[in-house]
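What follows is a short report on a single structure.
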Amino acid sequence: MRTTDVREREADPPNVTVPRRRVRDLTTRLVPRDSLAAVVAVLSIVVAWYLVAAAVPRLPVPTETLGAAARILADPSSYVDVLSTLRRVAIGFVASTILGVVIGVAMGSSPWWQGVLKPWVLAALAVPGPVAIIFATLLIGISELSVLIALVFIVTPYASNILVSAVAGRDHSLEEMAYVFKFTSMKRFRHVVLPQLLPALFAAMRTSFALSWKLVVVIEAVGASRGIGTQISRSFRLLDVASGIAWAALFVIVMWLIDAIGFQRVERHLYRWRSGTRVA
């Protein structure tokens, strides 16, 4: 082989990256990367579940749990428990978010209100959730009111804490500019104040929602006659582990759907002016 041929091959190597890129693009179009990652995640959970079930005899395998979930879905009384839990989550979420936003805005806007409300918020944050649930049940009794009061008491400080720093750290020069250009109060709030607080508002709402649905199950297990938490507690008292896991899995799926269909769509709509914004 001549020396010039070797030099030509070294200078112009065969382009093998183009076919690979085309195959990768075609694969990405046929199977989106997010969907593939979700399938891999589900499969890994199922495999890990079978491995743990083989080591722990009391843990049912996924097929037994699916059977228990089918029985729960076929029972009409199950939907009464689901609706009871969803109603408590909705009331706790709305009340905690509104109260948390009001307290957070007041503390972030006024040093005087911050001095008054900060000890209350810190004290509420320091109280463990189970302690608040037990005391609410002891003082008020096993009722719907005790469940909601315990829920709002636990969740509200987290929402207000998120708003405080956002309100205090907003850019005041933008508000001064809006004042110079004689924006009306509504226009100033909509175009200057609200866009700065929107990320914190969504963080507070998602935190309230996540804490609400997690705590509702615990509260129902302690002091409620109907609800998914009550059914999970009943299943474990009867050593029916498959039904307990099935109830928990169904609850997680419902909450995940609410987050995906509700929060993410609203967030994507409000942030549509940001190009390339990706909602987690």
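The values are calculated or read from the model by the stated rules, or taken from the named source; none is laboratory data. Just so you know, these numbers come straight off a predicted model, no measurement behind them. All Cβ positions, even for glycine, are placed from backbone atoms using ideal geometry, and neighbour counts span all protein chains on display. Ligands, DNA and RNA are excluded from the accessible area calculation, which covers all protein heavy atoms including side chains. Shrake-Rupley method; radii C 1.70, N 1.55, O 1.52, S 1.80 Å.
Evaluate segment 229-239: report whether one residue or more is in contact (Cβ under 8 Å) with a residue 40 or more places away in the chain and crowded, with 22+ Cβ neighbours inside 10 Å. Looking for residues that are in contact (Cβ under 8 Å) with a residue 40 or more places away in the chain and crowded, with 22+ Cβ neighbours inside 10 Å, one finds at least one in segment 229-239, hence yes. Within segment 182-194, residues that are in contact (Cβ under 8 Å) with a residue 12 or more places away in the chain and surrounded by 14 or more Cβ atoms within 10 Å (Cβ to Cβ) have Cβ atoms under 9 Å from residues that are in a helix (DSSP H, G or I) and not aliphatic (A, V, I, L, M) in these pairs: R188/E175; R188/Y179; V192/E175; V193/E175, counting only partners at least 6 apart in sequence or on another chain.
For segment 174-187, a residue qualifies if it is within 23 Å of Q114 (Cβ to Cβ) and either modelled with pLDDT of 80 or more or touching a helix residue (DSSP H, G or I) at 6+ places or on another chain (Cβ under 8 Å) (or both), and the qualifying residues are L174, E175. When segment 160-181 is filtered for residues that are open to solvent by 50 Å² or more (accessible area, probe 1.4 Å) and closer than 16 Å to V102 by Cα, the ones remaining, listed by number, are N161, S165, A168.
Do you know which residues across segment 50-68 are open to solvent by 20 Å² or more (accessible area, probe 1.4 Å), in a helix (DSSP H, G or I) and closer than 17 Å to W247 by Cα? Scanning segment 50-68 gives T63, E64, L66, G67. Residues that are closer than 29 Å to A249 by Cβ and open to solvent by 40 Å² or more (accessible area, probe 1.4 Å) do not occur anywhere in segment 109-126. I want to confirm something. Restricting to segment 127-157 and keeping residues that are closer than 18 Å to A90 by Cα and open to solvent by 70 Å² or more (accessible area, probe 1.4 Å), which single residue is modelled with the lowest pLDDT? The qualifying residue modelled with the lowest pLDDT is L145. State yes or no: is S225 crowded, with 17+ Cβ neighbours inside 10 Å, more than 13 Å from A68 (Cβ to Cβ), touching a residue at least 40 places away in the same chain (Cβ under 8 Å) and among the polar types (S, T, N, Q)? In short, no.
Between A249, A221, A260, A210, the distinction of being touching a helix residue (DSSP H, G or I) at 6+ places or on another chain (Cβ under 6 Å) and assigned to a helix (DSSP H, G or I) belongs to A221 only. So is L43 farther than 20 Å from G244 by Cα, at pLDDT 85 or above and surrounded by 10 or more Cβ atoms within 10 Å (Cβ to Cβ) or not? Judged against the criteria, L43 is a match. If you go through segment 122-146 and keep only what is part of a helix (DSSP H, G or I), under 24 Å from A203 (Cα atoms) and aliphatic (A, V, I, L, M), you end up with L122, A123, A124, L125, A126, A132.
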